[in-house]
Amino acid sequence: MNGTAHAAVGAATGFIVANTYTATPPETALLVSIGIVAGLLPDLDIDGKLRGRITLSHKLFQSVGQLIGILMIVYSMYEGNGTNQYIGLGIGLLLFVFTSFIKQRHMLTLTGIAVIAVGLSLQETWLFLLGIFILIASVVSHRSYTHSILGVVFVWYIAYRLELSTGLIGVQNTCLAGYISHLVTDSKSLPFNKRGVKLFLPLSSKEF
């Protein structure tokens, strides 16, 4: 199933949860948005709608990194002295070379690291855990751990911490329902899916 369909099903789960809790219109809109994100979240392990929204262009990242590297080299050459000059030159050169090798597939990993850092800085457990999820999704193969029961449990706990942090009733159930809806609509039980999901990783790689 494509991203648009997953987003639509996720939105529906958010709307249903909102009506269950007789949420206000602003709360309903927020829960629908959370449902959309939850419905797309398992596919962070592949280039898709959500992945494209939360990551910067690698070309922009390369340009900024290389520019900073060049500025550091120039500054060190003209303003540095002694050991500090060589350290500045070395860091600038390393930054220039490192960012030259950055590809779009690396951007999600960098995004995960950034979210972890922000979560630690703000002392928000849900944000820290979300960063870990993003980081894991950036390195695993498609339809593996993000499409398993382990992924469901991990996202449920993120949602639980998010609901505690925001106080908005229904966040936990919306995230859980939206996420599970993705796995259900990707399962082999539906005739238009040639592949299924490996629910019991790492214990079993059988597709359902």
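Just one of Ser121, Ser141, Ser181, Ser205 is of a type in the set (S, T, N, Q), assigned by TED's automatic domain parsing to the domain that holds Thr28 and in a loop (DSSP other than H, G, I, E, B); which is it?
It is Ser141.
Could you give me the residue pairs with C-beta distances under 8 Å whose first residue belongs to the stretch 148-169 and is within 22 Å of Pro26 (Cβ to Cβ), whose second residue is acidic (Asp, Glu) and in a helix (DSSP H, G or I) wherever it lies, and which are 6+ apart or on separate chains?
Taking only residues 6 or more apart or on different chains, the pairs are Leu168/Glu27; Ile169/Glu163.
Across the stretch 94-131, what is the total count of residues that are surrounded by 19 or more Cβ atoms within 10 Å (Cβ to Cβ) and charged (D, E, K, R)?
Qualifying residue count, the stretch 94-131: 0.
Every residue in the stretch 9-40 that is of a type in the set (Phe, Trp, Tyr) and farther than 12 Å from Ile169 by Cα, please.
Step one: of the stretch 9-40, the residues of a type in the set (Phe, Trp, Tyr) are 15, 21.
Of everything in the stretch 9-40, just one residue is of a type in the set (Phe, Trp, Tyr) and farther than 12 Å from Ile169 by Cα, namely Phe15.
I'd like to verify a number: residues in the stretch 9-44 that are free of Cβ contacts under 8 Å to residues at least 12 places away in the same chain and either among the charged types (D, E, K, R) or in a helix (DSSP H, G or I) (or both), how many?
4
Output the number of the condition that Thr109 fails; it satisfies all remaining conditions of (1) within 30 Å of Ala23 (Cα to Cα); (2) of a type in the set (Val, Ile, Thr); (3) modelled with pLDDT under 95.
(1)
Being part of a helix (DSSP H, G or I), loosely packed, with under 14 Cβ neighbours inside 10 Å and at pLDDT 80 or above, is that true of even one residue in the stretch 47-65?
Looking through the stretch 47-65, at least one residue is part of a helix (DSSP H, G or I), loosely packed, with under 14 Cβ neighbours inside 10 Å and at pLDDT 80 or above.
Exactly one of these conditions fails for Ile134: (1) under 29 Å from Leu60 (Cβ atoms); (2) buried (at least 18 other Cβ atoms within 10 Å of the Cβ); (3) touching an Asp or Glu at 6+ places or on another chain (Cβ under 9 Å). Give me its number.
The number of the failed condition is (3).
Criterion first (outside any helix (DSSP H, G or I) and either in contact with a Cys (Cβ under 7 Å, 6 or more places away or on another chain) or among the small types (Gly, Ala, Ser) (or both)) does Ser189 satisfy it? Lay out the reasoning, then the answer.
Numbers: outside any helix (DSSP H, G or I): yes; either in contact with a Cys (Cβ under 7 Å, 6 or more places away or on another chain) or among the small types (Gly, Ala, Ser) (or both): yes.
It is true that Ser189 is outside any helix (DSSP H, G or I) and either in contact with a Cys (Cβ under 7 Å, 6 or more places away or on another chain) or among the small types (Gly, Ala, Ser) (or both).
The values are calculated or read from the model by the stated rules, or taken from the named source; none is laboratory data. Note that the structure is predicted; figures quoted are calculated from it, not measured. Methodologically, a virtual Cβ is constructed for each residue, glycine included, from the backbone with ideal geometry; neighbour enumeration extends over all protein chains shown.
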